[in-house]
Amino acid sequence: MTFEELQEQIVSMGEKPFRAVQCYEWMHVKLARSFTEMTSLSKDFREKCGNRYQYTALNPVEIQESALDGTKKFLFALADGNMIESVWMKYRHGNSVCISSQAGCRMGCRFCASTLDGLERNLRPSEMLDQIYAITRLTGERVSNVVVMGCGEPLDNFDNLLRFIRLLTDEKGLHISQRNITVSTCGLVPEMYRLADEKLQITLALSLHAPNNEKRRELMPIANRYSIKELMDACEYYLKKTGRRITLEYSLVGGVNDSAQDAEELIALAAPLGCHVNLIPVNPIKERSFVQCEAAKTAAFKNKLEKNKINVTIRREMGRDIDGACGQLRRRHVNETRR
Ligand code: SAH
């Protein structure tokens, strides 16, 4: 609930409106795990709330810490037993959390572990928020950046995503700046337009992964629905509406999308809109035969982009030793449980 909705509920229970201020603070600033913890509220009132409303508090089932870089990966259980994963990364500029937006995913990208078993269900706004709240409680450190790049396609859960962003950036809550939030999409064109019309200051990252329709269709089924031209038009609209530059994510797959010709085609797409390009060394999953692009070839690809004045970064691989890539930890856990 937004603050206003919460207030309405609390007043309808016959309580004073300022109880909503306290309750909201317990949830979104003090990060309480239950109504019981809200000790400045009367016991009576807390019990009434407990009987009327479900309180979201994710249960950490497994926490892995990378010996390489301190990255932590969390497997959380939802109230209905579904599992989701989130990642905590420490950077010089602050702590970043990567959250899931759905349990599973129905987009079917060929290289991604999140989608192998399809979609279980959408996450509720509270279940997205509590990944950040739970990690803040568990690490004892403030989160400054949030990326919606875990399991799921965030724009396939559009309304809940929007509500989540509004709550996360609310000045009465954790008050994370919109500029410190990145939402990554495989390219749902109608929702990209809808998001642009919201005029948020978040960063939109588009998982492009191939510079033309033929290659993209081999990697991502969604490319059969929307062409690269339609995607780039949506990106242009987003830029116009929000003034925010788009990031193009490009997972380099050895022998698939890493040639000089691919780089040239990518430049032609990125240059007109001044897109930032984020190269991701593909993280091979055992269910598929994709391999990483050689280091020298990766460097050559990056150089070619830079020579053409494209702003490009190679994503640092973090948590390679702890099932770091999308959906790997959740999948391992689900498989072990089945066995
Ligand atoms: N559904 C959204 C967000 C989740 S994935 C999207 O498609 O953008 C976050 C990013 O990681 C996407 O760019 C996705 O394509 C990429 N990704 C998924 N599995 C990967 C893997 N095994 N190796 C490299 N990148 C991967």
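Rounded to the nearest 5, what % of the DSSP beta bridges within the chain are antiparallel ones?
DSSP beta bridges in the chain are roughly 50 percent antiparallel.
Straight-line reach from residue 73: which aspartates and glutamates fall under 14 Å, measuring Cα to Cα and dropping same-chain residues less than 8 apart?
Of all the aspartates and glutamates, those that pass the test against residue 73 - Cα under 14 Å, at least 8 places apart if same chain - are 62, 65, 85, 317, 321, 323.
What relative contact order, as a whole-number percentage, does segment 1-150 give when Cα pairs under 8 Å and 6 or more residues apart are counted?
17 percent
Quick one: Kirkwood hydrodynamic radius for segment 237-297, alpha-carbon pairs, angstrom, one decimal?
13.0 Å
Quote the accessible area belonging to residue 259 in square angstrom, nearest 10, computed with a 1.4 Å probe and with ligands, DNA and RNA left uncounted.
Only protein atoms counted, so the area is about 40 Å².
Keeping all protein chains in the complex and leaving out DNA, RNA and ligands, what accessible area do you get for residue 207 with a 1.4 Å probe, in Å² to the nearest 10?
Accessible area of residue 207: about 20 Å².
Between segment 179-201 and segment 63-86, what's the alpha-carbon centroid distance in Å?
What the calculation gives is 26 Å, centre to centre.
Where the only charges are on Cβ atoms (+1 Lys, Arg; -1 Asp, Glu), what is the dipole of the chain about its Cα centre, to the nearest 20 debye?
That gives a dipole near 400 debye.
Going through the cross-link list 240/297; 30/172; 16/43; 16/48; 215/304; 90/172, which pairs have a Cα-Cα distance over 23 Å in this structure?
With Cα atoms farther than 23 Å apart: 240/297; 90/172.
Over the Cα atoms of the chain, what Rg and Dmax result, in angstrom?
Radius of gyration, then largest Cα-Cα span, for the chain: 20.9, 69 Å.
Considering only protein heavy atoms, what per residue accessible area in square angstrom results for segment 33-176 with a 1.4 angstrom probe?
Averaged over the residues of segment 33-176, the accessible area is 42 Å².
Heavy-atom accessible area per residue, segment 194-264, 1.4 Å probe: how many Å²?
40 Å²
Before anything else, pin down the relative contact order of the chain: Cα pairs under 8 Å, at least 6 apart, normalised by residue count, whole percent.
15 percent
What are the principal axis extents of the Cα atoms in segment 178-242, in Å, biggest first?
34, 20, 15
Considering only protein heavy atoms and a 1.4 Å probe, what is the carbon-and-sulfur percentage of the accessible area of the chain?
About 48 percent, which is the carbon plus sulfur part of the accessible surface.
Filter the GluC sites (Glu not before Pro) in segment 169-227 down to the DSSP loop ones having no more than 13 other Cβ atoms within 10 Å, then list what survives.
171, 198
If amide H atoms are built 1.01 Å from N in the plane of the peptide, which residues on other chains or at least 5 residues away come under 5 Å of the amide H of residue 104?
Amide H to amide H, under 5 Å and 5 or more residues apart or across chains, residue 104 pairs with 120.
Mind checking which of 172, 72, 16 has the largest fluctuation in a GNM of the chain, springs on alpha carbons under 10 Å?
16
Accessible area, 1.4 Å probe, largest first: how do 244, 315 sort?
These residues rank, largest area first, as 315, 244.
Starting from the 7 Å offset along Cα-to-Cβ, what nm value, one decimal, do you get for the label separation of residue 139 and residue 51?
About 4.0 nm, to one decimal.
Enumerate by residue number the GluC sites (Glu not before Pro) in segment 95-157 meeting two conditions: DSSP loop (anything except H, G, I, E, B), and at most 13 other Cβ atoms within 10 Å of the site's Cβ.
141
If I model a spin label at residue 225 and residue 296 as a point 7 Å from the Cα along the Cα→Cβ vector, what separation in nanometres do I get?
4.2 nm
The values are calculated or read from the model by the stated rules, or taken from the named source; none is laboratory data. Note that the coordinates shown come from a computational prediction; the quantities given were computed from them, not determined experimentally. Heads up, the Cβs are rebuilt from the backbone with ideal geometry, glycines too, and the neighbour counts pull from every protein chain shown. The protein model used for the area step is the full one, side chains on, heavy atoms only, and it has no ligands, DNA or RNA in it. Shrake-Rupley method; radii C 1.70, N 1.55, O 1.52, S 1.80 Å.
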